[in-house]
Amino acid sequence: MDAARSASPRTGGALPAAATAAGALLAAVFRAVGAARRDRALHPRGATFGAVVTTTGSGASGVPWLDQAASTEVTLRVSRATGLPAPLPDIHGIALRVPGQALGKDGPADLLFAGTGDSSLGRFVLAPRLRADGGPLTTLLPYRSPRGPLELRLVPHGGPRHDGPVPAGFTLSYAIGSGQWRDVGEVVVGAALPESVDRVRHDPVLNLLPGTSQYGVVSRLREPSYRAARSVPARSRGAGRQ
């Protein structure tokens, strides 16, 4: 059995029930934290930038946006999961929003990355760090793709910028299951965007890349949390945003 097949989430037996229970528990926690904060339960403060993703056309994932040569203007949000202030360590997150017109679909695609390890197992384990450029970030949970369970990765390069908590750029890669990473593009970070853009909510469950879908187990785990998060209005944030 190859690595991609062995890493594919199971959809039968007790696992769906466990995922449903875990999703409900996470939703309750997110709803309570969000109500207390009157804001996002996770990644409450962030900074959003314009960015350009240039894909090389060297991919073989079966996902058109990853496999075709193109240059796409996106937005990129960097944030800390728990909102702890620097220089305390936190789980750093990057949210990429790809516009629908670049994908030939109605509505955008949201790709959410979190600081993790980089090995075949470490890519599924969250890693607190001092800075957003301190190591790789992955999508953590896999997408279903034509080639098998798909993980995406961003590797920071260029060092931190002077105008915000974000590296100058990233290398974009994908892997199937626990297989090797394959580089397929670069992300170049541009100018900071207004706070009104930073208040946009991202949803990787509803807003998918064409060619991908959510495994049932992953959807049971994630969707209640995102539904709970969407139920809490995002408040305006001042100069102390992260």
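The values are calculated or read from the model by the stated rules, or taken from the named source; none is laboratory data. What you see is a predicted model, and the numbers here were worked out from it, not measured in a lab. As a convention, Cβ positions derive from the backbone with ideal geometry for all residues, glycine included, and neighbour counts pool all protein chains shown.
What the table below lists for this structure:
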{"item": "Subset of segment 51-77 [on the phi < 0 side of the Ramachandran plot and either touching a Cys at 6+ places or on another chain (Cβ under 7 Å) or part of a loop (DSSP other than H, G, I, E, B) (or both)]", "result": "Ser58, Gly59, Ala60, Ser61, Val63, Gln68"}
{"item": "Inter-residue pairs, beta-carbon under 8 Å, first closer than 19 Å to Arg182 by Cβ and in segment 63-88, second assigned to a helix (DSSP H, G or I) and small (Gly, Ala, Ser), 6+ apart", "result": "Trp65/Ala102; Ala70/Ala102; Thr72/Ala102"}
{"item": "Filtered residue count, segment 52-75, keeping only those that are within 25 Å of Gly134 (Cα to Cα) and touching a Ser or Thr at 6+ places or on another chain (Cβ under 7 Å)", "result": "5"}
{"item": "Val205 vs. criteria at pLDDT 70 or above, among the hydrophobic types (A, V, I, L, M, F, W, C) and touching a strand residue (DSSP E or B) at 6+ places or on another chain (Cβ under 6 Å)", "result": "no"}
{"item": "All positions within segment 136-145 that are under 10 Å from Ser213 (Cα atoms) and either small (Gly, Ala, Ser) or in a loop (DSSP other than H, G, I, E, B) (or both)", "result": "Pro142, Ser145"}
{"item": "Residues that are part of a strand (DSSP E or B) and more than 30 Å from Ser145 (Cα to Cα), drawn from segment 159-189", "result": "Gly159, Pro160"}
{"item": "Residue within segment 37-49 that is modelled with pLDDT under 80 and more than 20 Å from the chain's Cα centre (by Cα) present", "result": "yes"}
{"item": "Total residues in segment 191-219, condition in a loop (DSSP other than H, G, I, E, B) and closer than 27 Å to Gln68 by Cα", "result": "13"}
{"item": "Hey, Val184 modelled with pLDDT of 90 or more, of a type in the set (Val, Ile, Thr) and closer than 24 Å to Pro108 by Cβ or not", "result": "yes"}
